[in-house]
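Below you'll find the structure, written out as structure tokens, and then a few comments.
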Amino acid sequence: MSLSEGDVKRIARLARLEISAADVPRYAHDLSAILAFVEQMGTVDTAAVAPMAHPLDAVQRLRDDAVTEGNEREAFQAIAPQVEQGLYLVPRVIE
């Protein structure tokens, strides 16, 4: 796929980039080369390649999902300024 200078100007405008008129031909050439490479990569047969989440064979150590602290709700609510039906009452912030 080949980009014209008009395409580059339109892309720059959409991306809110300022490109000088002297640089537009170089950008058109470079972007066209990138798109050609992407098209070339699309022709590669990847049917035998297994999908993977990460390119490195890394394993993340995970801890067991176990409760490590007891329920201290009653103790915390006992020292709270205002509690009603198990809920903390706070001052109204928004009128």
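Readers should treat all values here as calculations from the given coordinates under stated rules, not as data from a laboratory. Since this is a predicted model, take the numbers as computed values, not measurements. Positions of Cβ are backbone-derived with ideal geometry, glycine not excepted, and every protein chain shown enters the neighbour counts.
Worth pointing out:
- Condition met for Ala80 (in a loop (DSSP other than H, G, I, E, B) and either surrounded by 10 or more Cβ atoms within 10 Å (Cβ to Cβ) or more than 31 Å from the chain's Cα centre (by Cα) (or both)): yes
For (1) outside any helix (DSSP H, G or I); (2) in contact with a Ser or Thr (Cβ under 9 Å, 6 or more places away or on another chain), each residue gets a yes or a no:
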residue	(1), (2)
Ser2	yes, yes
Ala21	yes, no
Asp30	no, no
Ala50	yes, no
Ala58	yes, no
Arg61	yes, no
